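**Q** Could you have a look at this structure, given as structure tokens, before my questions?
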Amino acid sequence: MLKDITLGQYYPGDTLVHRLDPRTKLILTLIYIAALFTAIVYAGYALVVLFLAVSILLSRIRLRNILSGLKPLIIIVLITGILNLFYTKGEHLLVHFWRISIYWEGVETAIFMALRIMLLIAGTLLLTYTTSPLQLTDGLESLLNPLKKIRVPVHELAMMMSIALRFIPTLIEETDKIMSAQRARGADFETGGLIAKAKAMLPLLIPLFVSAFRRADELATAMESRCYHGGEGRTRMKQLSMARRDWIALAVGVLLLALVILFRRLGI
Amino acid sequence: MSTIIKTEKLVYTYEGAEAPTLRGLDLEIEEGTFVAVLGHNGSGKSTLAKHLNGILIPTSGRVLVDGMDTAEEQNLLAVRHTVGMVFQNPDNQIVANVVEDDVAFGPENLGIEPREIRRRVDDALTSVQMYEYRNHAPHLLSGGQKQRVAIAGILAMKPRCIVLDEPTAMLDPVGRGEVLDTITRLNRQEGITVILVTHHMEECIGADRLLVMSEGSILMDGSPRELFPRVEEMEAAHLGVPDTTRLMYALNREGYQLPLEAITTEECAQALLRAFGHKE
Ligand SMILES: Nc1ncnc2c1ncn2[C@@H]1O[C@H](COP(=O)(O)OP(=O)(O)OP(=O)(O)O)[C@@H](O)[C@H]1O
Ligand SMILES: [Mg+2]
């Protein structure tokens, strides 16, 4: 069950989308999100969806993988949709019973909001599916580099993030192991209500924390032994470089945002 | 031959501990030798190992790595560049999500130029026979493979000495063999000084020199061939001896005259053949 977590999962490949510089992809994702929240009506939405669809096609990531990444969030999407459905007031009353009234505007907002969340997640999934965690943190570090001037520990934050990503599978494996060990001693993680389940998790968390701290300590020693002394004077084997395709991709992104803003102004 | 590591009256007491863990160790290690370190649990092997690249600093006494005092802050990077360290748990010393990125970590910290890093990473991975796995995720490898990646990560820094603290303790026999072969080859072919802390007597047989630790000091120091036949002394230090020696020791107590210094399987088989072979 824990193995299903796809957070930070990367599908290696050699497509145009994979080859883009991680900084380009990070900026494009931001542009995409901005466009998504700027688009209010059909034409703008259509454009954003088109952009995502073309990106997915180019990346050769299977739609199935994107959908399975969306699955864990279906509840959030549903709740947002339902809340919008009931709480949006409008002019065109559709149904009215007891104290609940549903307006046509509510249906519209509900669909748009649900779609917006799903598109938001699908876009970020595409980013993590096509960019290795190391590239991602390298890109972030490079983009946030100017913040070092105001003493933001950019290198340290990026290193923390990449180590966290590195240890997710290890800790998941360990959790599975501890669960099996405790199941063998009669622990029950499946039955009972939410509170019973949470209680059953407690004896799981303690060994997990103890072991995580021991790992952290050993890892720090190992890193120091390998001459790690912060970002100062550090070089990288794989250097980031912006190619022509990166500038073209960014231009397309800017165009997308500009068009979406235009459509919003025009109200189409 | 020159001395690469030297300890002078090394004493170390853990914070809050009553008695010192290391009690005045004097040790000199020649460059290019393969040194195995044995000792019962808690005898101070790991504590000693951690002194050899400045992770721990002596409470009193000195540790010199290639003449540099590890207690001096400005020497630390050079010390760690000279003496690489491999630990017991391979999971907790791999930093990156991709094998080759992990191997690059050390050279990157040294500020080496990217193309040279690439070359070193490829060489190091080839040297531990993990080149085909360079794009794999480390957590999907076997224990022996992970430990070889960890060794490659140290090799890529081109250290003159590698200290390994029970690198095989968490591995199955196959993984253990892979790692031991790799270490031996690095010592014999590339002349890297190896200090191997271990619990397995068999892993010491190929070493040039064997140190037996007990209660924070060095109890015995000599070649494995000299030390293993001293079965009673080894047992007094709560240690065993290789199966080969144990077998011949047991036979000798029954009145045979077998050479206890025949410690390799091959030599032992020869000795047994000479003693019993012609009787059939
Ligand atoms: N961080 C620590 N703080 C306090 N005491 C410690 C610490 N680490 C080790 N010790 C103590 O120092 C002594 C020597 O420990 P060390 O780990 O060096 O032994 P070892 O020979 O490596 O044992 P093992 O074979 O179990 O690995 C032990 O008595 C241990 O309890
Ligand atoms: Mg130890």
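The values are calculated or read from the model by the stated rules, or taken from the named source; none is laboratory data. Please read all numbers here as calculations on a predicted model, not as lab measurements. Counting neighbours? That spans all protein chains shown, and the Cβs are built from the backbone with ideal geometry, glycine included. Only protein heavy atoms, including side chains, enter the accessible area calculation; ligands, DNA and RNA are left aside. Shrake-Rupley method; radii C 1.70, N 1.55, O 1.52, S 1.80 Å.
**Q** Can you work out the accessible area per residue across chain B, with the rest of the protein chains kept in place, probe 1.4 Å, in square angstrom?
**A** That works out to 43 Å² per residue.
**Q** What do you get for the angle between helix B:143-155 and the principal long axis of chain B? Use alpha-carbon atoms, 0 to 90 degrees, nearest ten.
**A** 60 degrees
**Q** Given charges of +1 on the Cβ of Lys and Arg and -1 on the Cβ of Asp and Glu, with all other atoms neutral, how large is the dipole of chain A about its Cα centre, in debye to the nearest 20?
**A** So the magnitude is around 280 debye.
**Q** May I ask for the accessible area buried between chains B and A, both sides summed, probe 1.4 Å, to the nearest 100 Å²?
**A** Interface area, both chains combined: 3000 Å², rounded to the nearest 100.
**Q** If A:W104, A:W98 are ordered by their accessible area, calculated over protein heavy atoms with a 1.4 Å probe, which sequence runs from highest to lowest? Present the calculation step by step, with values, prior to reporting the outcome.
**A** Working: A:W104 120, A:W98 205 Å².
Final ranking, largest accessible area leading: A:W98, A:W104.
**Q** Here's something else I'd like to know. Just tell me which lysines come within less than 20 Å, Cα to Cα, of A:K177; anything on the same chain fewer than 8 places away is out.
**A** A:K3, A:K197, A:K199, B:K146
**Q** Specify the inter-centroid distance of region B:41-85 and region A:121-160, based on alpha-carbon positions, in whole Å.
**A** Comparing the Cα centres of region B:41-85 and region A:121-160, I get a distance of 35 Å.
**Q** Can you list which of the DSSP-assigned H helices in chain A have a Cα extent of 30 Å or more along the long axis and an average Kyte-Doolittle score of at least 1.0?
**A** Details: long enough: A:104-130 (39 Å, 1.30); A:154-184 (44 Å, 0.42); A:194-225 (45 Å, 0.79); A:244-266 (33 Å, 1.46).
Counting only whole DSSP H runs, the qualifying helices are A:104-130, A:244-266.
**Q** Next up: Which loop GluC sites (Glu not before Pro) in region B:82-187, with loop taken from DSSP, have no more than 14 other Cβ atoms within 10 angstrom of their Cβ? Mind dumping the intermediate values first?
**A** Details: sites: B:E100, B:E108, B:E116, B:E132, B:E178; in loops: none.
Filter output for region B:82-187: empty list.
**Q** Take the cross-link list B:K9/B:K50; B:K50/B:K158; A:K25/A:K149; A:K25/A:K71 and give me the ones stretching past 21 Å between alpha-carbons.
**A** A:K25/A:K149; A:K25/A:K71
**Q** If you fit an axis through the alpha-carbon atoms of helix B:265-276 and take the longest principal axis of the Cα set of chain B, what angle between them do you get, 0 to 90°, nearest 10?
**A** With both axes taken from Cα atoms, the answer is about 10 degrees.
**Q** Once you charge only the Cβ atoms, +1 for Lys and Arg and -1 for Asp and Glu, what is the size of the charge dipole of the protein assembly as shown about its Cα centre, to the nearest 20 debye?
**A** Roughly 2840 debye, rounded to the nearest 20.
**Q** Here's another thing I want to ask about it. Quote the relative contact order of chain A in percent (integer), defining contacts as alpha-carbon pairs under 8 Å separated by 6+ residues.
**A** 32 percent
**Q** Heavy-atom accessible area per residue, region A:68-215, 1.4 Å probe: how many Å²? Numbers along the way, then the final one.
**A** On the way: 9020 Å² over 148 residues.
Computed with neighbouring chains in place, this is 61 Å² per residue.
**Q** Hey, what angle do you get for helix B:243-253 against the long axis of chain B, alpha-carbon based, 0 to 90 degrees rounded to 10?
**A** 20 degrees
**Q** What accessible surface, in Å², does a 1.4 Å probe find on B:R246, ignoring ligands, DNA and RNA and rounding to the nearest 10?
**A** 100 Å²
**Q** Something else: Between A:D14 and A:T124, with labels modelled 7 Å along Cα→Cβ, what's the label distance in nm to one decimal, could you check?
**A** 3.2 nm
**Q** Which residues belonging to region B:98-115 lose at least 40 Å² of 1.4 Å-probe accessible area when the assembly is complete, relative to their chain isolated?
**A** Buried by the other chains: B:D101, B:F105, B:E108, B:N109, B:P114.
**Q** Separate question: What is the percent carbon and sulfur in the accessible area of the protein assembly as shown, measuring with a 1.4 Å probe over the protein chains and ignoring ligands?
**A** Carbon and sulfur: 61 percent of the exposed surface of the protein assembly as shown.
**Q** Something else about it: Considering only DSSP states other than H, G, I, E and B, which GluC sites (Glu not before Pro) in region B:198-279 qualify as loop sites with at most 13 other Cβ atoms within 10 Å?
**A** For GluC sites (Glu not before Pro) across region B:198-279 that sit outside H, G, I, E and B with at most 13 neighbouring Cβ atoms in 10 Å, the list reads B:E254.
**Q** As a test question: what accessible area, to the nearest 10 Å², does B:D181 have when a 1.4 Å probe is rolled over all protein chains in place?
**A** Accessible area of B:D181: about 100 Å².
**Q** On to the next question. In whole Å, what is the distance between the alpha-carbon centres of region B:215-279 and region B:133-153?
**A** With region B:215-279 and region B:133-153 each reduced to a Cα centre, they are spaced 36 Å.
**Q** When a/c is below 1.5 the answer is rounded, else prolate if a/b is larger than b/c, else oblate, so apply that to chain A with a ≥ b ≥ c taken from the square roots of the Cα gyration tensor eigenvalues.
**A** oblate
**Q** Could you tell me the distance between the Cα centroids of region A:27-58 and region A:185-235, to the nearest Å?
**A** 38 Å
**Q** Which residue, A:N145, A:L119, A:L85, has the largest displacement toward the positive end of the dipole of the protein assembly as shown when charges sit on each Cβ (Lys, Arg +1; Asp, Glu -1)?
**A** The residue sitting farthest along the positive end of the dipole is A:L85.
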